[in-house]
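The values are calculated or read from the model by the stated rules, or taken from the named source; none is laboratory data. For clarity, every value in this text was computed on a predicted model and none was experimentally measured. When we count neighbours, we look across all protein chains shown, and the Cβ atoms used for this are built from the backbone with ideal geometry, even at glycine. Side chains included, ligands, DNA and RNA excluded: accessible areas come from the protein's heavy atoms. Shrake-Rupley method; radii C 1.70, N 1.55, O 1.52, S 1.80 Å.
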Amino acid sequence: MDSPTRDTVSGAPGRSAPTAVLIATCVSTLVVNANTSAVSILLPAISADTGTSLDTLQWAVTGYSLVGAAVIVTSGALGDVFGRRLVFLGGLALFIVSCVLIALSDSGGGVIAGRAVQGAAGATILACGMSLLSVSASGEGQVRAVTLWGGASAVGAAAGPLVGGLLVDGTGWQGLFWIDAGIALACVPITLRGVTESRDPDRSRQIDFAGTVLIAVVLAPALLALSEGADWGWTSPAVLACLALSLASCVAFVAVERRVAAPLVDLRLLKDRVLIGATVGILLSAGVINGLMYLVSLYFQNPATLAMSPLEAGLATLPATVGLIAVTPLVPRMVQRLNIGPVIAVGFAAATAGCALLVFVRGDWRYAAFVLPLVLLAAGLGLVNGPASSASTSSVSADDVGAASGISNMARYIGAAAFTAAVATVNATVGESRRSGGDGEADALAAGLSSACLVLTVASGVGMLLSVLAVRARRRRAEPGAYGAAAASHAHTVPVGDLGDR
């Protein structure tokens with residue numbers, strides 16, 4: 001396959017992506033995002049069916065993101081070296097296997113293990129699918145392809161809770177995973193017949209497997225301590241041992257990254273102020289949206305609060321989807337007028353306001369009180385996602401764009417995992433404390449949600465303050481592809497600066 005020329009900036013027509021590539025990458029991305037966004041809606045049904053507590057099942061969410069953070073860069077590197085189509089097909093196969101494992105599981109442990117496998121599969125599908133799409137088109141055709149990819153991702157994220165809720169009522173929670181497995185299976189022959197293999201012959205053939213393992217070892221014990229600290233005691237030997245292991249692994253990771261030819265994280269880039277600011281913004285925005293959607297999905301379905309069915313809870317997330325879709329077309333124009341930093345600041349300000357409103361939640365609140373906070377949060381983070389993704393790649397040289405994008409991709413998964421674990425712990429701990437103090441179930445649940453939303457409010461506020469670090473991002477290098485995929489960038493950062501160059 002001929003490498004496309006870098007004509008995205010100049011606006012030349014370029015080449016359009018073949019239909020088979022568009023179908024394989026967009027459909028698989030839609031399924032991955034739908035599956036990811038649906039899981040929180042399914043957790044109460046999984047808990048009732050398997051007898052596993054919701055506190056334990058939060059690892060079905062955090063485990064997915066933990067593995068995704070470790071694998072996202074490595075899977076893209078494997079595709080560059082051994083063939084993007086080959087590794088993409090491997091991701092599809094792994095996704096199918098994970099869906100079957102989850103659907104056949106009769107225990108919470110089986111579901112959590114299957115979701116961990118699914119984290120690796122989803123990261124591989126997103127990374128290699130985006131690479132396949134980028135090398136198959138150029139110029140305006142490339143921008144259209146990325147925009148379509150972003151639209152498919154957004155549709156999947158929006159449809160996931162609705163489809164998941166509908167299937168719980170009709171087929172049981174297993175139905176979503178059987179259907180997703182079938183759709184992924186249908187993508188296999190399309191990929192085999194219509195997608196041309198491609199590689200990057202100039203890339204080092206060394207793969208940083210040690211870095212991949214160490215990222216997981218850094219995150220896993222830290223998240224375990226965060227999740228279990230309230231029960232074990234924050235100064236207990238178990239918590240301290242987890243933190244010590246995480247710290248030692250972090251030191252080892254830095255040592256490894258300094259020595260390998262193709263590091264998972266290019267430490268040299270961490271000196272770039274704009275990249276760091278944008279990456280922190282990406283981490284915070286991913287953490288806030290994933291953490292809040294986890295909380296409200298459970299809160300809406302609890303019999304003591306709103307007592308929604310899974311389908312009703314899925315429908316209840318629509319205001320967030322509407323807010324996100326409404327602001328996405330406005331982002332490029334706002335960036336041109338205000339520049340990247342101020343737009344990110346405005347986005348975080350709106351998200352902070354949305355989270356702050358939920359701090360005042362009470363046990364007698366009805367659903368209507370949640371609508372405005374959800375819209376503010378989603379619209380605000382919609383303003384953050386595209387510009388932060390663009391800033392993370394536009395601040396470095398063309399040769400470093402892929403490495404910068406890898407850092408942002410990893411940060412997105414880490415944010416989702418860390419914040420979901422953190423707010424789940426705060427929610428459960430405060431709720432239990434209030435029950436022990438004599439509060440009713442509804443008031444205890446509301447107190448837990450309020451405290452967790454206070455954490456998210458602080459995180460969004462920090463994002464607003466730090467957004468000034470992105471002010472120096474250069475608009476002339478911010479490409480349209482970033483904004484086409486903005487609605488999906490809570491799950492994945494599109495390497496826009498690298499489009500057309502691989």
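Checking 32, 97, 27 one by one, the residue that is open to solvent by 50 Å² or more (accessible area, probe 1.4 Å), at pLDDT 90 or above and under 26 Å from residue 220 (Cβ atoms) is 97 and no other.
Being over 26 Å from residue 227 (Cα atoms), in a helix (DSSP H, G or I) and open to solvent by less than 10 Å² (accessible area, probe 1.4 Å), is that true of even one residue in region 278-294? Checked region 278-294: at least one residue is over 26 Å from residue 227 (Cα atoms), in a helix (DSSP H, G or I) and open to solvent by less than 10 Å² (accessible area, probe 1.4 Å).
In region 195-210, the residue that is most open to solvent (accessible area, probe 1.4 Å) out of those that are under 27 Å from the mean Cα position of the chain (by Cα) and small (Gly, Ala, Ser) is 210.
For (1) closer than 22 Å to residue 90 by Cβ; (2) open to solvent by less than 40 Å² (accessible area, probe 1.4 Å); (3) touching a residue at least 12 places away in the same chain (Cβ under 8 Å), each residue gets a yes or a no:
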site	(1), (2), (3)
139	no, yes, yes
143	no, yes, yes
146	no, yes, yes
149	yes, yes, yes
165	no, yes, yes
178	yes, no, yes
181	yes, yes, yes
189	yes, no, no
193	yes, no, yes
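Considering only region 47-62, how many residues are outside any loop (DSSP other than H, G, I, E, B) and surrounded by 23 or more Cβ atoms within 10 Å (Cβ to Cβ)? Going through region 47-62 one residue at a time, the tally reaches 5. Listed by first and then second residue, the pairs with beta-carbon distance under 7 Å, at least 6 apart or on different chains, first residue in region 410-438 and more than 16 Å from residue 455 (Cβ to Cβ), second among the charged types (D, E, K, R), are 434/443.
Filter region 295-312 down to the residues that are assigned to a loop (DSSP other than H, G, I, E, B) and either polar (S, T, N, Q) or in contact with an Asp or Glu (Cβ under 6 Å, 6 or more places away or on another chain) (or both), then identify the one that is farthest from residue 387 (Cα to Cα). Can you show your working first?
First, pick out the residues of region 295-312 that are assigned to a loop (DSSP other than H, G, I, E, B): 302-309.
In the following step, the residues that additionally are either polar (S, T, N, Q) or in contact with an Asp or Glu (Cβ under 6 Å, 6 or more places away or on another chain) (or both) were identified as 302, 304-305, 309.
On the way: 302: 36, 304: 40, 305: 37, 309: 36 Å.
Selected residue: 304.
Out of everything in region 297-336 that is hydrophobic (A, V, I, L, M, F, W, C) and touching a Phe, Trp or Tyr at 6+ places or on another chain (Cβ under 9 Å), what residue ends up being most open to solvent (accessible area, probe 1.4 Å)? Among residues in region 297-336 that are hydrophobic (A, V, I, L, M, F, W, C) and touching a Phe, Trp or Tyr at 6+ places or on another chain (Cβ under 9 Å), the one most open to solvent (accessible area, probe 1.4 Å) is 307.
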